[in-house]
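Heads up: the structure comes next, in structure tokens.
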Amino acid sequence: MSRFAMVIDTRRCVGCYDCVVACKTENGVPEGYSRDWITEEVHGAFPTLQMEIRSERCNHCDNPPCVSCCPTGASHVHEPGGVVLVTHDKCIGCKACLAACPYNARFIHPDGYADKCTFCIHRVERGLDPACVSVCPTHCMHFGDLDDPQSEVSQLLNSRPHHALLPEAGTKPCIFYLT
Amino acid sequence: MNPLTELTLSRHNPLVDPTLHVWQWQIPIYLFLGGLVAGLMIIAGVRLIAIRPTQREALVCCTIGPLAGLVFLSLGMFVLFLDLSHKLYVWRLYTTFQITSPMSWGSWILLLVYPALAANALAHLPEAIPALAKRFPVLIAWSDFILSRTRLVVAIGIANVLVGIGLGIYTGILLGTLGARPLWNSALLGPLFLFSGLSTAAALLHGILVLTSSGEELPAFADFLLSSLTRLAQARPLDQKVAPVLAGADNSFLTIELGLLSLFLIGHLTSTAVHQQAATLLLSGPYAAVFWIFVISLGIVLPLILQTLELQNSIRHTLAPALLVIFGGIALRFILVYAGQQSHWFHALN
Amino acid sequence: MMNLSRRRFLKIGAGTMAAAGSLDASLHVLAGSGKPAARGTRTVPTFCNLCFWECGAIATVRDGKLWKIEGNPLDPLSRGRLCPRGTGGIGAHFDPDRLRSPLLRVSERGEEKWKAVTWDEALSFIAGNMQKIKAEYGPESFAAFIHGLGGKFFKQTLRAYGTENIAAPSFAQCRGPRDVGFTLTFGDGVGSPERTDIENAQCIVLIGSHIGENMHNTQVQEFAAAVGKGASIIVADPRFSVAASKAKFYLPVKPGTDLALLLAWMNVIVGEKLYDKEYVDKYGLGFEQFAAEIQPFTPEWAYPETGIDPDLIRATAREMARYRPATLIHPGRHSSWYGDDAQRSRAIALLNALMGSWGRKGGLYIPAGMEIPGYPVPPYPKSEKPPVDNPNNQYPFADEAISTGIREATLTGKPYPVKGWLVYATNLLYSLPNQAETIRAIQNLDLFVVVDTIPSEIACWADIVLPESIYLERYDELHSEPFRQPFIALRQPVVDAPADQKPNWWIAKTLAEKLGLGAYYPWKDIEEYLAARLKAAGYSFEDLKRDGILPGPQRPIYFEDGAPAVFDTPSKKIEFYSAQLQKAGFDPVPKYTPPEQPPQGSYRLLFGRAPTHSFSRTQTNPLLMDLQNENSVWVNAVEAQRLGLKSGDYVRLRNLDGQVSNRVLVKATERIRPDCVYITHGWGHTSRMLRSAFGRGASDSQLITRYKTDPLMGGTGMNVNFVTLETEV
Ligand SMILES: Nc1nc2c(c(=O)[nH]1)N[C@H]1C(S)=C(S)[C@@H](COP(=O)(O)OP(=O)(O)OC[C@H]3O[C@@H](n4cnc5c(=O)[nH]c(N)nc54)[C@H](O)[C@@H]3O)O[C@H]1N2
Ligand SMILES: Nc1nc2c(c(=O)[nH]1)N[C@H]1C(S)=C(S)[C@@H](COP(=O)(O)OP(=O)(O)OC[C@H]3O[C@@H](n4cnc5c(=O)[nH]c(N)nc54)[C@H](O)[C@@H]3O)O[C@H]1N2
Ligand code: SF4
Ligand code: SF4
Ligand code: SF4
Ligand code: SF4
Ligand code: SF4
Ligand SMILES: [Mo]
């Protein structure tokens, strides 16, 4: 099996939004919406400060509450890779999945269905990196298979300290941030 | 790490940012109506079994209640439909059953509610609304068919009770399973909404009894407000047997509801910082005023007092407790749906 | 021809937009030189124009519609990745506020009342008026502001016409002071793209260079690579920039005191003999005098000026020395800050010299370029008059035209009158300090032509506005700048222009023909021109069209690899002590003068870049506006609390000359010193025709009424304005 994941190096990320705009053009994300976003977390008091900048998106959780709450099966786990996807013509727009996601990663597309990051599965299946990964000017994003110990993502996670977002929410997120 | 100083999030997805508000008035109304219908079903089921074909006083519970339940259920489903953003695909609910999804359970339970309620209503319909029975004699035949089979009556009663419990709990579980919103993270939401549903149902039936009682026992303000309605039903005197039972039952439901609500909040307050923060939204945060005034004081405590006085025959039975309880039930759903969406795992940070 | 009031113009704008929509639809069928549009995708290599870095890119068209643009992996600048602006660049094609046809002013200047005219009418009008100016005042009285590569043919037409008074804000308002400071020291400037070997540096010192917000692509990529490799980063900035968050040492320097910090660093490095003695002995001149001059400037001396702890100054000086010569003190780029900028830049150059980093790996490499012969044209007429921008060589070290000098001459009529302006691709009201001066100068003109893609503020003041097609819709001059690796890049059309917009080469060529200067354009169209130039250089136009980039032969870029250690100073050495400065009456070794301090209750206004926007040119790009659609004013959190402000409030900024900004969001943050506030440049648009940008955010340009001119080279220091915050009610 394979388990797709992203590993993002916060030491390199400069919060430039390139990943956001690349996602918008690649996936035709409508004006006013975004599938990925930037979070800046600042600790300390001037001038002794620390800042972590993160590019965030759906975590393609291993234990995705958005899937388990979906009444129609529109939200589902796509194999191989464990990518969480929404089948547009199964979605009724009940928004349970929006409420179920602790990361607020989903939104209602103007056409009515729930939408979010797809891990660019249409690219991944053609052997490409997701658009945001392939555009990032700082090369801080890595995409790959956690089940393959040789993959870049596995090796990075083995060799560098990292954290995921809201592990306490129990969703088992699959995006990891190197620190 | 130092305590968080600043968190900047660059995202403006409508309905999601800056705080989640994907569910607006439709969902609390739907949850309220669902709870009410659940309460009506349980009461109707219990009465149907308890009174048996011979006793015919409590028609309000067995017939008017289920009939009203059918209307409320349809209304609730309509309101839910209004909330869907991909309406054309609503049929997709019924091409699948998602075992982990309370909403899927709910959509199928809702389908069971109709026949159960209808059967319950049919059992005593001819006595309850003789005019209708006169126009559609088939109703009498159906009623006779049901009442002549004791086991069927019991089955209908039990079905109503069970489906009712399912429906009532589902309205709470629907929120309770959404772990992303700390305020909703409680298994108690199911029973809480169930008992809240029961209390609103009892109050509604009690209210209907008050409304349909004879002229002299009618409270003046209700007369003023609802004279036309009452005139329609002036023939029937206040059922002195059922009304106190309903008021008493309602008091028990309200007391249990209050207890569950307390447990629910205590549970949060003794849980993680995130959950404490969530409970604080109700207790002292932006929702505190509504919570203390409309949910607790006017929605539970005051009707409890009024109904206790009614039961002690210190005051006459009036519409007031019914209206208060119903209003309190609505307020509870609104406040939990709204505050729940605002509660968040990140909020403990800032 | 139609008479249009502004409102009706908007209506027609919208009307043509709708028409453009259907036009676009028909283009689906017609895309690709008249052939029916293929379903599916096609890609076209070109290069980006969202800023002056000019990254190689590949655009993708899907079903006849522009879909996306990505970096060209063959390009040494982009290395296959664009910056956010580049990625969002396609929004410029869809920008609903674009200019659509030539517009002739029908009312007072600045009133934004126009009539649409044909290209023939427009260019005849311009040519006629240019001939009038030439006859009456001489061709030198027609000046131009031309920024960027697209201006090449306008320069050609104007030189043929007889004027060399052509300037850009990239000198006096941008990198001029830096390049002058470096040229005085090493005999050569830093250039664009910068010759900074960030990737291989082991210690990088950023003095206000906010790389990561400043998105010059290769710089950012290399900076991240260096961070990834664990390079030691030292950042001096009054604001905790993104780069500062990656730094080992952050120095919250008091604005305007960097020169004191630099002197103290050099004091430590020389005093503790931490510099590269061999390098200095071999290539340097005047080191002893220099060492003597900086002797008094100890960290203790610098402390009250800069606010930086002497121990921190020492620690960072030693840190730099530890990694030399792979220590890069970044020269910065936009360096026109306080009026002492060329000297500050010279101090940066000297610090690099002490590290031995010029010409060395991890320092400032020697870039390699390519030879492409120009297309032969007849000789340009020789001007009889001196350049108008720098009379009497007032700024002796200015080695490019001073934009504000042309403005000054237009205002005063001295040394001779300036009666016509052509502005190409520069929004002078945003790029020059003191907008009122620019507007007064414009009032002295007989002819004012603006070539732009959108109705920018400067276009609103024009007599005639010419709409250019955007970079994705045209060919341009070849792009080839000296860099790590030599290359030639081609810009070629990806999609058609949506309306009656024309490319610069066509406009400039047609104007030249109307001026009777057709001989300077012996080619039929630009493809013929490009093919001929490439052929002369031994390359094929077809190859370049296919690949977008032609790599040149790699040459050594470090001294240690054989790059020539040539210093083009008068002494042919690295001038630690500058005799030419001394001769011209300036400090031969930089000296520090404390900057003026903000009056009680006011803050120094600082400005910089947002990663998602370029200057004032991207605020109508729907894709980029979706990322950020207004700027905010950074206020120190404690100050904000004192003022009763919190993030999300709106305020107005008022400067000491009474200019009041648009309302602007407050960002109350720990990330800035308490004595200054910060906004990103390019916001607060006042052109009503920029519908999606109008009135959004505050404009630094509006508040920069004061500026300090650099006595060496005429650069305009713009960080010298103070503002107060007014609560928005
Ligand atoms: N207050 C203040 N002033 C500054 C700066 C600052 O930060 N603050 N920065 C300084 C610096 S570093 C620089 S480099 C300069 C930059 O100064 P400018 O080059 O003037 O930058 P912009 O403000 O973007 O104006 C560019 C104009 O060119 C137009 N344009 C864009 N693309 C094209 C095209 O393809 N064809 C044509 N014909 N027009 C086009 C845009 O619409 C816009 O009107 O400003 C300097 N001045
Ligand atoms: N996204 C984006 N990137 C761009 C551009 C753009 O428009 N958009 N424009 C490009 C161009 S042409 C240029 S010239 C560059 C300009 O970018 P840079 O050359 O990197 O920087 P500046 O604009 O000069 O400086 C802004 C930074 O200097 C700090 N600063 C202000 N005053 C002082 C001071 O007194 N001392 C110190 N040490 N720091 C100070 C500010 O806090 C801010 O961090 O950006 C380029 N990159
Ligand atoms: S593109 Fe890369 S560097 Fe830029 S914000 Fe996204 S992850 Fe960070
Ligand atoms: S991040 Fe949210 S939307 Fe994505 S899989 Fe997890 S719960 Fe679902
Ligand atoms: S909105 Fe769509 S995807 Fe989300 S839970 Fe409802 S049906 Fe499933
Ligand atoms: S993986 Fe694809 S869909 Fe997800 S954020 Fe990146 S670009 Fe967008
Ligand atoms: S740095 Fe960005 S905006 Fe500038 S040319 Fe490169 S991709 Fe375009
Ligand atoms: Mo610049």
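The values are calculated or read from the model by the stated rules, or taken from the named source; none is laboratory data. Keep in mind the model is a prediction, meaning the values are calculated, not measured. Methodologically, a virtual Cβ is constructed for each residue, glycine included, from the backbone with ideal geometry; neighbour enumeration extends over all protein chains shown. Accessible surface areas use protein heavy atoms only, side chains included; no ligands, DNA or RNA. Shrake-Rupley method; radii C 1.70, N 1.55, O 1.52, S 1.80 Å.
Quick grid of which residues meet (1) farther than 30 Å from C:Asp197 by Cβ; (2) surrounded by fewer than 21 Cβ atoms within 10 Å (Cβ to Cβ); (3) at pLDDT 95 or above:
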| site | (1), (2), (3) |
| --- | --- |
| C:Val418 | yes, no, yes |
| C:Tyr430 | yes, no, yes |
| C:Ile439 | yes, yes, yes |
| C:Ile454 | yes, no, yes |
| C:Cys460 | yes, no, yes |
| C:Leu466 | yes, no, yes |
| C:Tyr471 | no, no, yes |
Given (1) small (Gly, Ala, Ser); (2) part of a loop (DSSP other than H, G, I, E, B); (3) within 14 Å of another protein chain (Cβ to nearest Cβ), C:Ser245 misses just (2)
Restrict the check to the range B:4-23 and report whether at least one residue is β-branched (Val, Ile, Thr) and either part of a helix (DSSP H, G or I) or in contact with a Cys (Cβ under 7 Å, 6 or more places away or on another chain) (or both).
no
Select from the range C:228-242 the residues that are within 8 Å of another protein chain (Cβ to nearest Cβ) and farther than 22 Å from C:Glu670 by Cβ and list them in ascending order.
C:Gly228
Considering the range C:248-290 alone, what residues qualify as being in a helix (DSSP H, G or I) and within 25 Å of C:Asn214 (Cα to Cα)?
C:Asp258, C:Leu259, C:Ala260, C:Leu261, C:Leu262
Name every residue in the range A:106-163 that is over 23 Å from A:Tyr17 (Cβ atoms), within 16 Å of ligand 4 (Cβ to nearest atom) and either modelled with pLDDT under 95 or over 16 Å from the mean Cα position of the chain (by Cα) (or both), in order of residue number.
A:Tyr113
Considering only the range C:473-486, I want to know if a residue exists there that is touching an Asp or Glu at 6+ places or on another chain (Cβ under 7 Å) and closer than 15 Å to C:Phe142 by Cα.
no
So how many residues does the range A:71-104 have that are at the interface with chain B (Cβ under 9 Å from one of its Cβ atoms), closer than 24 Å to B:Pro18 by Cα and in contact with a strand residue (DSSP E or B) (Cβ under 8 Å, 6 or more places away or on another chain)?
4
When residues of the range A:12-64 are filtered for being part of a strand (DSSP E or B) and at positive phi, how many remain?
1
Given the condition open to solvent by less than 30 Å² (accessible area, probe 1.4 Å) and farther than 28 Å from C:Ala224 by Cβ, answer yes or no: does some residue in the range C:308-318 qualify?
yes
Go through the range C:436-455 and give me each residue that's more than 25 Å from C:Gln501 (Cα to Cα) and of a type in the set (S, T, N, Q).
C:Thr438, C:Gln443, C:Asn444
Counting only residues that are at the interface with another protein chain (Cβ under 9 Å from one of its Cβ atoms) and among the aliphatic types (A, V, I, L, M), which one in the range C:625-641 is most open to solvent (accessible area, probe 1.4 Å)?
C:Val638
Residue in the range C:666-687 that is least open to solvent (accessible area, probe 1.4 Å), counting only those that are in contact with a Leu (Cβ under 8 Å, 6 or more places away or on another chain) and over 21 Å from C:Glu728 (Cα atoms):
C:Arg671
Among all residue pairs at least 6 apart or on different chains, which show Cβ distances below 7 Å where the first residue, located in the range B:78-103, is more than 8 Å from every other protein chain (Cβ to nearest Cβ) and the second is of a type in the set (A, V, I, L, M, F, W, C) and open to solvent by 70 Å² or more (accessible area, probe 1.4 Å)?
B:Phe97/B:Trp108
Evaluate the following for C:Arg81: is it among the basic types (Lys, Arg) and in contact with a Gly (Cβ under 6 Å, 6 or more places away or on another chain)?
yes
Given (1) open to solvent by less than 10 Å² (accessible area, probe 1.4 Å); (2) on the phi < 0 side of the Ramachandran plot; (3) touching a Lys or Arg at 6+ places or on another chain (Cβ under 7 Å), where does C:Gly356 come up short, assuming only one miss?
(2)
Going residue by residue through the range B:134-154, is there one that turns out to be more than 9 Å from chain A (Cβ to nearest Cβ), under 24 Å from B:Gly45 (Cα atoms) and under 24 Å from the mean Cα position of the chain (by Cα)?
yes
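Here's the yes/no breakdown for (1) modelled with pLDDT of 95 or more; (2) assigned to a helix (DSSP H, G or I):
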{"residue": "B:Val37", "(1), (2)": "yes, yes"}
{"residue": "B:Glu57", "(1), (2)": "no, no"}
{"residue": "B:Ile64", "(1), (2)": "no, yes"}
{"residue": "B:Leu82", "(1), (2)": "yes, yes"}
{"residue": "B:Ala116", "(1), (2)": "yes, yes"}
Residues of the range C:441-451 being among the charged types (D, E, K, R) and either buried (at least 23 other Cβ atoms within 10 Å of the Cβ) or without any contact (Cβ under 8 Å) to a residue 40 or more places away in the chain (or both), which ones?
none
Say we look at the range C:551-580 and pick out the residues that are crowded, with 19+ Cβ neighbours inside 10 Å and of a type in the set (A, V, I, L, M, F, W, C); which of these is farthest from C:Tyr365 (Cα to Cα)?
C:Phe576
Residue among A:Met1, A:Met51 that is at pLDDT below 95 and either of a type outside the set (Val, Ile, Thr) or near ligand 4 (Cβ under 9 Å from one of its atoms) (or both)
A:Met1
Please work out which one of (1) within 16 Å of ligand 1 (Cβ to nearest atom); (2) touching a His at 6+ places or on another chain (Cβ under 7 Å) is the condition C:Gln219 fails and give its number.
(2)
Being within 16 Å of ligand 2 (Cβ to nearest atom) and in a helix (DSSP H, G or I) is the filter here, so list the residues in the range C:305-316 that pass it.
C:Glu305, C:Thr306, C:Leu312, C:Ile313, C:Thr316
Exactly one of C:Pro296, C:Pro325, C:Pro331 is part of a loop (DSSP other than H, G, I, E, B) and free of Cβ contacts under 8 Å to residues at least 40 places away in the same chain, and that one is C:Pro296
Looking at this structure, is C:Arg39 modelled with pLDDT under 95 and surrounded by fewer than 22 Cβ atoms within 10 Å (Cβ to Cβ)?
yes
Does the range C:581-597 include one or more residues that are assigned to a strand (DSSP E or B) and open to solvent by 10 Å² or more (accessible area, probe 1.4 Å)?
no
Scanning the range A:115-139 residue by residue, those more than 14 Å from chain C (Cβ to nearest Cβ) and more than 30 Å from A:Ile92 (Cβ to Cβ) turn out to be A:Gly127
Looking at the range A:16-41 only, could you name the residues that are facing another protein chain (nearest Cβ under 7 Å) and surrounded by fewer than 22 Cβ atoms within 10 Å (Cβ to Cβ)?
A:Glu31, A:Gly32, A:Tyr33, A:Thr39, A:Glu40, A:Glu41
Can you tell me how many residues in the range C:185-211 are within 14 Å of another protein chain (Cβ to nearest Cβ) and within 16 Å of the chain's Cα centre (by Cα)?
3
